[in-house]
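All remarks here apply to the structure that follows.
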């Protein structure tokens with residue numbers, strides 16, 4: 001993972017963890033979506049973002065999110081072979097194979 005991409009991913013993860021600890025699970029999940037976009041091409045960051053989505057979904061009592069994240073954690077192996085849909089937010093409310101637009105402020109990391 002390139003240095004700039006790693007720094008951006010870690011910034012999003014740190015923000016997500018702060019929100020998680022504060023009990024703001026919706027805010028946490030929003031930051032985790034951004035972390036997922038940044039980290040999905042790298043196996044460990046990819047799995048970590050899904051693990052935290054699972055935790056936040058559990059705390060929210062969102063069964064669909066929990067089930068979806070369990071499936072996505074297993075499917076994160078796709079990042080080992082480059083089979084990830086760029087821009088996908090990683091949440092259970094979107095198809096795990098659907099490419100999605102990358103937010104403008106994150107697009108520079110993919111040029």
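Can you order the peptides 62-69, 17-24 by their average number of other Cβ atoms within 10 Å per residue, highest first?
Numbers: 62-69: 17.2, 17-24: 13.9.
Per-residue mean Cβ counts within 10 Å order the peptides as 62-69, 17-24.
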Checklist line | Mean separation of Cα contacts under 8 Å, 6 or more apart, over the residue count of the chain: relative contact order % | finding: 23
Next item on the list: Give the peptides 7-13, 94-100 in descending order of average Cβ contacts within 10 Å, highest first.
Entry: 7-13, 94-100
Next item on the list: Would you kindly calculate the mean projected area, averaged across all directions, of the convex hull enclosing the Cα atoms of the range 35-88, in square nanometres?
Entry: 3.2
Note to self: Once each part is reduced to its C-alpha centroid, what is the distance from the range 1-76 to the range 88-103 in angstrom?
What the structure shows: 13
Check: Under 17 Å from the 7 Å Cα→Cβ point of residue 95, by amide nitrogen: which residues of the range 57-85?
Finding: 72, 83-85
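As a check on your grasp of the helix formula, calculate [θ] at 222 nm for the chain: sum -39500 (n - 2.57) over DSSP H runs of n ≥ 4, divide by the residue count, round to the nearest 500. Can you show the working numbers first?
Numbers: 5 runs with 69 residues, N = 111.
So the helix-based figure for the chain works out to -20000 deg cm²/dmol.
Only the coordinates and a few stated rules stand behind these numbers; no lab work does. All values derive from a computational prediction rather than experimental measurement. No Cβ is skipped: glycine too gets one built from the backbone with ideal geometry, and neighbour counts run over all protein chains shown.
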